[in-house]
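Input: a single structure, listed below in structure tokens.
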Amino acid sequence: MRERRNRLAVAIAIVAVIALLPIALASARPLDPAGSGHVAGAKPSNPGGGPKKTPRPTPTAAPTRTPTPTPTPSLVPPTPSAAPPTPSLTPTPSPTAQVTAPPPFVLVGAGDIASCASSGDEATAALLDTIGGTVFTTGDNVYDNGTATEFTNCYGPSWGRASIKSRTRPVPGNHDYNTANAAGYFGYFGAAAGDPTKGYYAYDAGAWRVYVLNSNCSAIGGCGAGSAQEQWLRADLAANPRACSLAMWHHPRFSSGGEHGSSTATQALYQALYDFNTELVLTGHDHDYERFAPMTATGTLDNNRGIVEFVVGTGGKSHYAWGTIQPNSLVRNNDTYGVLRVALAAGSWSFSFIPEAGRSFTDSGTGTCH
């Protein structure tokens, strides 16, 4: 047994020596002196002498990528960038509200109006049908005596039509007082004519104050200074201050009419109005149209504070001839029926005389309040 093992070990050793012998011999041979790199005595690798193969290059290892480190978030808050400049805005001005002035208050009318014997009142009533506003009269509303029957039969069909009467603020005239206490007049117009014991009243017309006065002085206790009417007028002017005011009555303070002419009976009333800077006075009585320059109560021209007086006796009854032409009379006509339209605005006024159909006379103008 032991002998077999020894034989096996020797055999293994012999095999090992035989395997290592070529290696040992290759290491002991000298190099080729030509520097060809061949071992001396070894068989050339290219015996045919053909071109030498270029040795395959040794592959270069791909460079190792260094991973980019993930940035550590900063615990310090970033400094905020400066805010972009705010554009300078020029404010757009708000549009100015347009203040619309109220329309003027319109008065339209005449005096010495209706008669069953005349068609003139029908001609002027036809004008009123086409003109808006408050209708005024300047007295002698119906002829001849102002009876209830005359109002119904002679005034009623023309200026008494509902579309006209319903907007009328009347003035009493001397023919209205031909009936005792002007009962026909006050009965026909009712509350619109004021207190029957006085016949004078006032009302507001837009920015204006309008005074309807009674120049039938003997019927109401007088019109002079200190009379009840004159004292009432002054008190109302003081209690109702207005930049603009107007008054109307029947008998004119100034007139160039040949039938009646000027009357001093109303001078105290005119003076009170002048003292409170009234602009206009409308009258009748003479059957014509006349306009005066601004005057004082005594007839002196006064372009600064004077009152402009109109005589508007053109309602339709008849026409009168001229008498002596009075100082400061500017415009006159005595052959045309018609109505005077007065537009009362805040701080100013305008007027136009509108003739009956078929006639051409007219007059117009403007003014400012004192």
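The values are calculated or read from the model by the stated rules, or taken from the named source; none is laboratory data. Here the structure is a predicted model, which means the values were calculated and not measured. Note that we place each Cβ from the backbone using ideal geometry, even for glycine, and neighbour counts take in every protein chain shown. Heads up: the accessible areas ignore ligands, DNA and RNA and are worked out on the full protein's heavy atoms, side chains in. Shrake-Rupley method; radii C 1.70, N 1.55, O 1.52, S 1.80 Å.
Counting only the backbone N, which residues of segment 238-275 are under 13 Å from the spot 7 Å out from the Cα of Thr324 toward its beta-carbon?
255-258, 261-263
Would you please state the base-10 log of I(q)/I(0) at q = 0.14, 0.15, 0.16 1/Å for segment 231-370, with intensities from the Debye formula using one equal scatterer on every alpha carbon?
Rounded to two decimals, the profile gives -0.62, -0.71, -0.81.
Report the extension gain between Glu122 and Arg161 in nm, rounded to one decimal, defined as 0.36 nm multiplied by the number of residues separating them, less their alpha carbon distance.
13.0 nm
Determine the distance separating the Cα centre of segment 141-155 from the Cα centre of segment 241-293; give it in Å without decimals.
Using only Cα atoms, the two centres lie 25 Å from each other.
Given a cut-off of under 8 Å on Cα pairs at least six residues apart, what relative contact order in percent is computed for segment 130-255?
The value is 25 percent.
Scattering from the C-alpha atoms of segment 252-329 alone, worked out with Debye: what is log10 I(q)/I(0) at q = 0.13, 0.18, 0.20, 0.24 1/Å?
Result of the Debye calculation: -0.35, -0.65, -0.79, -1.08.
Whole number in Å², please: accessible area per residue of segment 318-363, 1.4 Å probe, ligands, DNA and RNA not counted.
That works out to 47 Å² per residue.
Using only alpha carbon pairs under 8 Å that are at least six residues apart, calculate the relative contact order of segment 217-293 and give it in whole percent.
Averaging sequence separation for qualifying contacts and normalising by length gives 35 percent for segment 217-293.
Only Lys, Arg, Asp and Glu count, each charged at its Cβ (+1, +1, -1, -1), so figure out the dipole size of segment 176-295 about its Cα centre, rounded to 20 debye.
240
Once the other residues with Cβ under 12 Å from the Cβ of Gly257 are scored (Lys, Arg +1; Asp, Glu -1), what is the net sum?
Charge balance near Gly257 sits at -4.
Quote the charge dipole size of segment 195-246 about the Cα centre in Debye, to the nearest 20; the model charges only the Cβ of Lys and Arg (+1) and of Asp and Glu (-1).
80
What does the charge count near Phe361 come to, summing +1 for each Lys or Arg and -1 for each Asp or Glu among other residues with Cβ under 15 Å from its Cβ?
Neighbour charge sum, excluding Phe361 itself: -1.
Taking Cα centroids, how far is segment 116-132 from segment 180-201 in Å?
So the separation of the two Cα centres works out to 23 Å.
Full extension from Ala180 to Glu259: what is 0.36 nm times the residue separation minus their Cα-Cα distance, to one decimal in nm?
The Ala180-Glu259 span can extend by a further 26.0 nm.
May I ask you to order 345-351, 179-185, 281-287 by the average number of other C-beta atoms within 10 Å around their residues, highest value first?
Highest-to-lowest ranking by the protection proxy: 281-287, 179-185, 345-351.
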